[in-house]
1. State all residues of region 64-104 that are among the β-branched types (Val, Ile, Thr) and more than 28 Å from residue 222 (Cβ to Cβ); if no residue qualifies, say none.
2. For region 60-73, which residues satisfy the criterion of being touching a strand residue (DSSP E or B) at 6+ places or on another chain (Cβ under 9 Å), surrounded by fewer than 24 Cβ atoms within 10 Å (Cβ to Cβ) and not β-branched (Val, Ile, Thr)?
3. Against the condition under 23 Å from the mean Cα position of the chain (by Cα), over 30 Å from residue 2 (Cβ atoms), modelled with pLDDT of 95 or more and not β-branched (Val, Ile, Thr), how does residue 432 come out, does it pass?
4. What is the one condition in (1) out of contact with any Ser or Thr (no Cβ under 9 Å at 6 or more places or on another chain); (2) in a strand (DSSP E or B); (3) of a type in the set (Ser, Thr, Tyr) that residue 178 does not satisfy?
5. Out of 181, 171, I need the residue that is within 26 Å of residue 311 (Cα to Cα) and either polar (S, T, N, Q) or touching a strand residue (DSSP E or B) at 6+ places or on another chain (Cβ under 8 Å) (or both). Which one?
6. May I ask you to say which residue of 289, 282 is part of a loop (DSSP other than H, G, I, E, B), touching a Ser or Thr at 6+ places or on another chain (Cβ under 8 Å), of a type in the set (A, V, I, L, M) and under 23 Å from residue 410 (Cβ atoms)?
7. Cβ-Cβ distance below 6 Å, separation of 6 or more or different chains: which pairs start in region 25-44 with a residue that is closer than 30 Å to residue 513 by Cβ and surrounded by 18 or more Cβ atoms within 10 Å (Cβ to Cβ) and end on one that is among the aliphatic types (A, V, I, L, M) and modelled with pLDDT of 95 or more?
8. Test each condition in (1) touching a Ser or Thr at 6+ places or on another chain (Cβ under 9 Å); (2) crowded, with 21+ Cβ neighbours inside 10 Å for residue 351 and report the one that comes out false.
Amino acid sequence: MTDHLISIDQGTTSTRVIVFDKHARVVASAQREHRQIFEKPGWVGHDAVEIWQTTKRLLHDALGKARIGRERIAGVGITNQRETTVVWDAATGEPIADAIVWQDTRVQHIVDALAAEVNPVTGAPFGTERLRQITGLPLASYFSAGKVRWLLDEIPGARERAERGELRFGTIDSWLIYNLTGGANGGLHVTDVTNASRTQLCDLRTLQWSDEALAAFNIPRSMLPQIVSSSGTIGEMRGVPGLDGVPIAGVLGDQQAATFGQAAFAPGSAKHTFGTGGFLIVNTGEQPVFSGNGLLTTVAYQLEGQTPVYALEGSVAVAGSLHHWLRDNLGMLRDSTEIEGLASSVPDTGGAFIVPAFSGLFAPRWQPDARGVIVGLTRFVTRAHLVRAASEASVYQTVEVIEAAAADTGVRLDELRVDGGGSVSDMMMQFQADMLGIDVVRPEILETTALGAAFAAGLATGVWQSLDEVGGLVREGRRWIARMGDEDRQRRLRLWNRAVERSLDWVDDDVRAYAGD
């Protein structure tokens, strides 16, 4: 029986390959971190070839652990870090530079210039809302289009090669599919609707590439992949030992995959992922809703042959990566297993707050000139207080995007579904329930991002027959109930907002010169 699915979950800091059975149980998994490349302040890069080689090795390892043959694999689902940009040579398959990661801010000058251009109709600058009614996104360094433009402008000869049709652009899903289906020997150049909606080049209503956006960023159309649905057979694996001929049948950006894995299929349902960043997605149904409160309009998913489903998203740049920073940059943690014990060893942060605006602030504030601050320090504050402050920072940012979603939709959540690595912290989830005043629910199966990609592939290959059947496989694991008083909650939120105010308006000409920009 072809009753198993392989899910490739390519994230910001690591890649995982998980084998699921038809009951959505994990049969086997393998995971490996990849390098984070920080050449300059604000720059974040990945070696795309390293990511591909790691993925191949993990496919071999996971399949070996599962002890099942190729004939048991119904299909492969892919989920990926979004917005991260790869440009490669169409003939050789070699990237022309390191991938530019979604957190990277090197393209801010491009964004600023596009916002400052004068609208010939109104005679006023376009501003950051220039493309929102087409793409659902404000102009920001976060998205892929500015990163492609930077590579074409800064890599010698790149623009000329692109205009001759010699270069290809893709987000990480495109890069992996290209290599999994043959690479330079006929590999497919595609992306799904969810990833396309994060490039700032896709028309949300038509789900085709936008001529206006391409012209604004001066990107040749020939570079772009074909846009396909999230669940449907795309092509077959080629050149991957033990998996040749297996169909790639599901592709979703990581946050949309987590939404799918949480079975948030009904309009108004929502999930929040505590990963490298923090990401709220609220299902808004079959029509795009354009935010007036700093959220992003995006595609939640599209089943083959069906109407796309849209969502509002609140994207927080730094969540779990703040703990990585404490570990890797400051040496406060030996490894991630220490986080819960240290954070729970103190009842509060001792008055300290961390605002992790390493790449500016994303939703709902969109302040690119903000930078990270630690405030409220006294001699009383210890390492444990700062580790707890890092956990609480993720919670406060989640409150902000949930409040923005309520303002946009007019509907307040009665519970929040959570997932991601940060959701394993019982302390943090209790604090999240307290700061929201609603229940927080963690699923039994924590690998929701990988599970969502498997669900998409399984629906396309007949392992499961409907969204209802898939939804029945998602079970509640634990629930936290709010127990903090409103007065205490509001006081903490006021202090958080005071801390955020101190992070704003930091980047100016002096800072740029000091940082070597």
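The values are calculated or read from the model by the stated rules, or taken from the named source; none is laboratory data. The model shown is predicted, which means the values in this text are computed figures rather than measured ones. Because the Cβ atoms are built from the backbone with ideal geometry, glycine has one as well, and the counts that use them run over all protein chains shown.
1. Across region 64-104, the qualifying residues are 68, 73.
2. As a first pass, look at region 60-73 and keep what is touching a strand residue (DSSP E or B) at 6+ places or on another chain (Cβ under 9 Å): 60-68, 72-73.
After this cut, where a residue has to be surrounded by fewer than 24 Cβ atoms within 10 Å (Cβ to Cβ) as well, the list is 60-62, 64-68, 72.
Of everything in region 60-73, those that are touching a strand residue (DSSP E or B) at 6+ places or on another chain (Cβ under 9 Å), surrounded by fewer than 24 Cβ atoms within 10 Å (Cβ to Cβ) and not β-branched (Val, Ile, Thr) turn out to be 60, 61, 62, 64, 65, 66, 67, 72.
3. Details: under 23 Å from the mean Cα position of the chain (by Cα): yes; over 30 Å from residue 2 (Cβ atoms): yes; modelled with pLDDT of 95 or more: yes; not β-branched (Val, Ile, Thr): yes.
In short, yes.
4. (2)
5. 171
6. 289
7. These pairs meet every condition: 44/101.
8. Against the list (1) touching a Ser or Thr at 6+ places or on another chain (Cβ under 9 Å); (2) crowded, with 21+ Cβ neighbours inside 10 Å, residue 351 comes up short only on (2).
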